[in-house]
Each structure stands twice: as structure tokens, then as C-alpha cells.
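Data block below; observations after.
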Amino acid sequence: MKHWLLSVLLVVCGTVSAQITLVKDGKSSARIIVQDKMPNSKTSAQFLQRFLTEISGVALPIENDKTPRKGDILIGGQSPAEVTEDGFSISTQDGILKISGKENGVVYGVVTLLEQYLGIDYWGENEYSLTPSKTVNLPFINKVENPGFRYRQTQCYAIHTDSIYKWWNRLEEPNEVFAAGYWVHTFDKLLPSSIYGKEHPEYYSYFKGKRHPGKASQWCLSNPEVFEIVAQRVDSIFKANPDKHIMSVSQNDGNYTNCTCDACKAIDDYEGALSGSIITFLNKLAARFPDKEFSTLAYLYTMNPPKHVKPLPNVNIMLCDIDCDREVTLTENASGKKFVKAMEGWSKITNNIFVWDYGINFDNYLAPFPNFHILQDNIRLFKKNHATMHFSQIAGSRGGDFAELRAYLVSKLMWNPEVNVDSLMQHFLHGYYGEAAPYLY
Ligand SMILES: [Zn+2]
């Protein structure tokens with residue numbers, strides 16, 4: 001009975017709401033018209049052309065700046081004001097479909113059309129499903145979608161071997177967003193101890209009775225010469241990368257290697273946290289370059305927020321929950337609670353947080369990592385606490401525990417933290433594993 005009702009509904013909707021017939025009986029007069037010169041618009045048009053050809057056998061021509069006629073698809077151009085970074089709009093008017101977006105959004109709009117309206121699923125590295133059809137109809141579509149996080153990153157191996165995978169899953173790579181690949185642990189790259197260490201040990205951390213110039217030590221953040229050298233370096237990096245607006249200025253890896261000279265210690269003591277001197281330094285940099293953005297780590301010794309200084313809006317705080325347990329959500333285990341407390345502290349003083357989360361067993365990449373039941377709660381928690389950028393370190397190696405399913409679900413959650421995870425998991429298991437699905441589930 002249920003099935004019968006569903007088929008009736010589909011038939012009715014199919015007839016009544018078909019607004020655009022892209023291909024009829026293997027023939028089409030529709031065109032894909034690109035409305036601007038942006039590389040992402042070109043990529044979008046090529047994706048649309050390729051997959052429509054695979055479905056229908058008809059390759060729609062891609063043209064530039066033509067006056068549209070009924071049945072055409074417009075790509076690019078101005079998007080509505082409510083579209084935010086990487087968001088998109090799909091609209092139907094007078095029999096013409098228009099897809100536009102901000103930054104990567106136009107590509108994600110096309111991908112959404114292919115996935116939600118033309119039935120293509122992209123499972124993993126060069127693996128996707130579609131149903132061929134000589135006739136392709138589109139219903140009336142009018143929607144705006146913005147991502148849950150403006151930056152979304154996983155480490156899925158397929159990103160590097162399949163040029164479509166990253167786009168389809170709405171993922172970004174650090175070197176596409178962060179200037180010159182400066183995205184984490186950048187102190188020694190910006191002020192190399194190999195260049196300045198010998199002549200200027202005072203640029204580096206003072207602890208245990210002496211200065212420690214070295215790859216793993218930190219800066220003496222209260223030293224004005226350090227600030228000027230770094231500011232000049234930052235300026236030249238942005239000048240060499242005019243298409244980028246964010247870079248990371250962040251501590252080297254290693255715990256309690258911070259500077260404890262009188263001036264640095266005075267700031268940190270006043271702020272009640274070792275992040276005090278870092279945020280003070282970053283704010284100075286952010287004020288010097290108001291149209292740029294600087295990401296910095298709140299990690300290990302800098303995990304807790306300062307008491308007085310507030311990060312400027314163009315300072316991004318990167319939090320990493322590396323030490324936390326994963327059998328239960330972050331709010332339900334002792335190590336997680338410590339992290340959550342720090343995150344909530346930061347979220348009181350900034351709306352610009354990057355969360356680096358882990359869904360991987362570094363001791364054994366192939367070992368089961370049964371954390372599917374906590375993915376959504378944790379991602380919702382990050383979002384609630386003003387995370388705007390998210391890196392979920394998962395699926396880096398082929399053959400890892402459900403690498404493809406994990407990357408699929410996490411990508412969907414980063415786009416929309418409120419998706420129905422269980423139904424997506426079922427959908428993936430059936431589409432990817434076929435008859436084995438119920439057993440794997
Ligand atoms: Zn110092």
C-alpha cells in the first residue's frame with residue numbers, strides 16, 4: 001500500500017511540476033550559459049555537462065554571455081544577498097534555471113542539482129551511481145543553501161586521486177584557502193630559528209633560565225622587533241598571494257615551550273592564561289592588516305582563553321581536541337569536558353572558531369573506530385560554540401575503518417549539522433555495498 005501511494009505521488013509530481021525539460025527522447029535544445037569569467041563557474045558548467053551526458057547521452061553546449069531562452073541553464077553571475085561564503089542559490093524563472101553562488105558555492109549548487117534532483121550519488125574515489133534516462137525533467141526549484149561551516153576539511157584519501165570527489169563533498173584543502181599553505185604551526189616558518197636564532201636568541205622563548213631558539217620553541221611575543229619582522233613577512237606573503245585573505249600565525253608544536261621572560265609573563269599572568277600573550281600579539285597583527293584574517297592555535301598550553309583581551313573579529317581561534325575520548329560525546333567524558341569548557345570560554349569572546357577534530361586511531365589506522373554514533377552531537381556542539389571552520393581528520397588511508405562511509409557522513413554533517421545521519425548511513429550502505437548493507441549496518 002505504502003509503495004503504491006508513493007508511486008502515484010511520484011507520477012503526479014513528475015507530470016505537474018516538471019518546469020524544465022532538459023532532454024526529451026535523447027534530444028535537447030538547451031544550453032549551459034556561463035555568465036561570468038570565474039574559474040568556478042567554468043568548473044560548474046563542465047560538471048553539469050559531463051553528468052548530464054552520462055545520464056542522457058546528450059552533451060549540452062557550454063556558451064558564454066548568450067541571451068538565455070526557455071530551457072537554458074544559467075551558471076554564475078550575481079547571487080542573492082542571503083548567500084554567504086560557499087553558499088548557493090538555485091532558482092527557476094520563466095522556464096530558465098539559474099545557479100549562482102559565492103566562492104565555491106556555484107559548484108556546490110550544480111552538485112546539489114545533480115545529487116538531489118537528478119539522482120546521482122557520489123560514494124568514494126571515482127565511484128558513483130546514476131540512472132540513465134533519455135528524458136530529463138527538472139521540477140520548479142527555488143532554494144538558497146549556506147554551509148554549516150564556511151570551511152570544511154577531511155583528510156579522505158580520495159581528495160588527492162579524484163578531482164571530482166572534493167567538489168562533490170563540498171570540501172576544501174588548506175592550500176586553497178590559507179595563503180602560501182600557512183595553516184598550522186607556522187612560527188618557525190615565519191621567523192626561522194635557522195636564520196635569526198644565532199644572532200637574535202632574544203626573539204625566542206625564555207624558559208629554564210635561557211633563550212631557546214629552535215624549531216620547536218616559541219617566540220618572545222612581547223619583543224617589538226619580532227612583531228615588525230613578522231608583520232613584514234606577512235605583508236610579503238599576502239602580496240605574493242593576492243587571491244588569499246587568511247593565513248595561520250600559530251605556535252610551533254610542543255607543550256610549555258612558551259616564553260616566560262618578564263614582559264611575556266606579565267601579560268600571561270594578567271590574562272590568567274598562556275594564550276594571553278598570543279592573542280595580544282595576534283590582535284596587533286590583525287589591526288595592522290584589517291582586511292586580512294589570522295588563524296592561531298589554542299592548543300596544549302594555550303587551550304584556555306584569556307580573561308581580558310578579546311580576539312579581534314579577524315583573528316580565528318583554532319581549537320584541537322586531540323586528547324579527548326571518542327566512545328561517547330565530548331560532553332560525556334572527562335577529557336572531552338575539559339575541551340568543551342575551553343571551547344565555551346572562547347565562544348564567549350569570539351564568533352570565529354576553527355575546530356580540528358579527530359576520527360582516526362593514529363596507533364592503528366586499520367583498527368575499527370566506532371564513533372558513528374557521536375559524530376552529529378559533536379559537530380552540533382562545535383557549531384553551537386561559534387565554530388565557523390572545521391577540519392575532521394578522518395579517512396586518510398585507503399582501507400581504514402569505513403573510510404568512505406565516514407567521509408561521506410562527515411562531509412554531509414559539515415555542510416548541514418542537522419541532516420538525518422541514520423537515513424544517510426542506510427542510503428550509503430545500500431548504494432555502496434548493495435546486498436551486504438543490512439549486515440554491515
Ligand atoms: Zn618574552
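The values are calculated or read from the model by the stated rules, or taken from the named source; none is laboratory data. Predicted model only: the values in this text are computed from it and were never measured. With ideal geometry, Cβ positions are generated from the backbone for all residues, glycine too; neighbour counts draw on all protein chains shown. These area figures cover heavy atoms from the full protein model, side chains too; ligands, DNA and RNA do not enter into them. Shrake-Rupley method; radii C 1.70, N 1.55, O 1.52, S 1.80 Å.
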*Restricting the first residue to the stretch 203-222 and requiring it to be open to solvent by 60 Å² or more (accessible area, probe 1.4 Å), which pairs with a second residue that is part of a loop (DSSP other than H, G, I, E, B) and not β-branched (V, I, T) meet a Cβ separation below 8 Å and a spacing of at least six or different chains?*
Y206/H212; Y206/C220; Y206/C259; Y206/C261; R211/S205; R211/C220; K215/N252
*Of all residues in the stretch 79-137, count the ones that are within 18 Å of the chain's Cα centre (by Cα) and over 25 Å from P39 (Cβ atoms).*
1
*What residue, among those in the stretch 246-266 that are of a type in the set (S, T, Y) and on the phi < 0 side of the Ramachandran plot, is surrounded by the fewest Cβ atoms within 10 Å (Cβ to Cβ)?*
T260
*Pairs where the first residue, in the stretch 251-268, is without any contact (Cβ under 8 Å) to a residue 40 or more places away in the chain and farther than 9 Å from A216 by Cα and the second is more than 7 Å from the ligand (Cβ to nearest atom) and assigned to a helix (DSSP H, G or I), C-beta under 8 Å, 6+ apart*: D268/G276; D268/S277
*asked:* Just to be sure before I move on: is I278 assigned by TED's automatic domain parsing to the domain that holds G181, within 26 Å of the chain's Cα centre (by Cα), within 12 Å of the ligand (Cβ to nearest atom) and within 24 Å of P213 (Cβ to Cβ) in the structure I sent?
replied: yes
_Whether any residue in the stretch 397-414 is under 27 Å from M247 (Cβ atoms), open to solvent by 40 Å² or more (accessible area, probe 1.4 Å) and assigned to a loop (DSSP other than H, G, I, E, B) is what I want to check._
no
*Exactly one of (1) touching a helix residue (DSSP H, G or I) at 6+ places or on another chain (Cβ under 8 Å); (2) assigned to a strand (DSSP E or B) is unmet by S79. Its number?*
(2)
*asked:* Can you pull out every residue in the stretch 415-431 that is charged (D, E, K, R) and not in a loop (DSSP other than H, G, I, E, B)?
replied: D422
*Only one of (1) in a loop (DSSP other than H, G, I, E, B); (2) open to solvent by 60 Å² or more (accessible area, probe 1.4 Å) is not met by Q46, so which one is it?*
(1)
*Test for F238: is it of a type in the set (F, W, Y) and touching a strand residue (DSSP E or B) at 6+ places or on another chain (Cβ under 9 Å)*: yes
_Single condition Q426 does not satisfy, out of (1) over 26 Å from V144 (Cβ atoms); (2) surrounded by 18 or more Cβ atoms within 10 Å (Cβ to Cβ); (3) without any contact (Cβ under 8 Å) to a residue 60 or more places away in the chain_ = (2)
*Here are some residues: D269, D243. Which one is within 13 Å of the ligand (Cβ to nearest atom) and surrounded by fewer than 18 Cβ atoms within 10 Å (Cβ to Cβ)?*
D269
*Checking I379 against (1) over 15 Å from P147 (Cα atoms); (2) in contact with a Ser or Thr (Cβ under 9 Å, 6 or more places away or on another chain); (3) buried (at least 16 other Cβ atoms within 10 Å of the Cβ), which test does it fail?*
(1)
*Which pairs have Cβ atoms under 6 Å, sit 6 or more apart or on different chains, and link a residue in the stretch 343-372 that is of a type in the set (G, A, S) to one that is part of a strand (DSSP E or B)?*
G359/S392
